[in-house]
Amino acid sequence: MTTRRRRALSLGALALTGTLALSACGSSDSGGSSGTDAASAKTHTVKTAMGDVKVPMHPRRVVVLDTGELDSALSLGVQPVGATRSATEDGFPAYLPAERTKGIKVVGEIANPNLETVASLKPDLILTSKVRDGDRYEQLSAIAPTVMTESTGSAWKQNFGLHAEALGKQDEAKKVLAAYDAHVAEVTKALGGKEKAATTEVNFVRFVEGADIRIYGKQNYIGSILADLGLGRPAITDKAKDGFSYDVSPEKIDLADADVIFTSTYGSPQKAGTKKTMNSGLWKELKASKNGKVFEVDDRLWIGGIGYTAADKILDELQADMTK
């Protein structure tokens with residue numbers, strides 16, 4: 001057995017002024033004890049997508065506004081007091097341990113946080129990205145020091161490093177990185193070694209409600225994990241727009257051909273046409289389909305996880321599927 005795993009709205013300025021002022025002080029518990037105030041007064045400067053930001057040395061009331069930030073915090077042993085959720089789900093991603101997300105207050109949807117709810121939690125640090133909340137930076141910064149990365153997805157490793165710095169968890173981050181590298185080496189060996197991995201072409205196909213089918217390229221979260229394993233990628237992935245995805249209609253799904261295909265669905269499988277496409281003659285003629293090497297996986301994990309805890313689970317699932 002392999003070793004197991006480590007892990008809009010307006011502010012309503014008059015109504016919120018008092019709350020925001022209190023929150024900006026960075027008090028880390030509702031009692032506002034002198035010890036807490038002293039700890040919050042010690043800061044260090046973090047370079048972010050929005051410039052230098054002074055954050056507490058050891059923040060205690062953290063709010064995260066995307067799944068990548070939530071994964072980072074939990075991977076580093078920090079339980080946020082608040083977090084956003086996906087617009088398509090009621091709670092937090094199921095791949096995260098329930099005991100770790102229990103008690104985290106939902107503060108709205110990703111890219112649409114409820115600022116009043118965020119402020120009511122009196123955070124001393126907010127983690128998010130410019131691509132999600134750049135237009136709310138001033139409002140969020142009025143609540144608490146706000147650390148934004150430039151984007152999400154393919155930059156997840158760099159983002160994790162910034163999250164660790166903001167949380168004062170650099171030592172813990174080193175352990176997470178070492179564990180991930182060891183896990184990657186372990187899975188690569190299980191797949192037959194680097195040479196065999198390089199000659200095994202793998203595609204990731206995502207069915208999306210209301211959009212074309214996406215053949216994922218190399219510049220995204222899942223693409224980076226496949227690259228870490230040294231797995232081969234079909235030539236079609238080089239045509240992906242901005243390296244992200246090459247979008248096709250069901251009539252051109254033959255372009256997704258590969259030795260192994262992982263698939264996921266965002267939204268309703270019926271509306272996304274998942275089953276209809278996978279029951280088509282074109283799909284059944286794919287090499288992976290003929291050889292029983294098509295594996296359906298959880299979209300919220302493989303696409304939405306965007307962190308090391310998710311990556312650990314993806315590596316386990318990938319190894320289990322590809323070594324059947």
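Every read-out reported here was derived from the displayed coordinates using simple, explicitly stated rules and does not represent laboratory data. This is a predicted model, so every value here is computed, not measured. Cβ sites come from the backbone with ideal geometry, for glycine too, and all protein chains shown count toward neighbours.
Between GLU186 and ASP254, what length in nm is gained on full extension when 0.36 nm per residue of separation is reduced by their alpha carbon distance?
Between GLU186 and ASP254, full extension yields 21.2 nm more.
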In which sequence would HIS163, HIS58 go, from the one with the fewest C-beta neighbours within 10 Å to the one with the most?
HIS58, HIS163
Give me, ordered by chain and number, the residues 5 or more places off ARG60 or on other chains with an amide H under 5 Å from its own placed amide H.
ASP124
Going fewest to most other Cβ atoms within 10 Å around each Cβ, SER224, SER75, SER154 line up as SER224, SER154, SER75
Suppose every Lys and Arg Cβ carries +1 and every Asp and Glu Cβ carries -1, with no other charges. What dipole size does the chain come out with about its Cα centre, to the nearest 20 debye?
520 debye
Full extension from ASP171 to LYS241: what is 0.36 nm times the residue separation minus their Cα-Cα distance, to one decimal in nm?
21.5 nm
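With only Lys, Arg, Asp and Glu charged, each at its Cβ (+1 for the first two, -1 for the last two), find how big the charge dipole of region 139-212 is about the Cα centre; round to the nearest 20 debye.
For region 139-212, the charge dipole is close to 240 debye.
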Shape category assigned to region 140-233 from the gyration tensor of Cα positions, a/c cut at 1.5:
oblate
With a/c under 1.5 counting as rounded, go ahead and sort region 61-176 into rounded, prolate or oblate using the C-alpha gyration tensor (a ≥ b ≥ c being the square roots of the eigenvalues; past the cut-off, prolate if a/b is larger than b/c, else oblate).
rounded
Cβ neighbours within 10 Å, averaged per peptide: list 281-291, 46-56, 308-318 in order, most packed at the top.
308-318, 46-56, 281-291
Which listed pairs, of LYS47/LYS102; LYS194/LYS241; LYS252/LYS284, have C-alpha distances above 22 Å, in listed order:
LYS47/LYS102; LYS194/LYS241
Taking only DSSP H segments of four or more residues, each worth -39500 (n - 2.57), what value at 222 nm results for the chain once the sum is divided by all its residues, to the nearest 500 deg cm²/dmol?
-11000 deg cm²/dmol
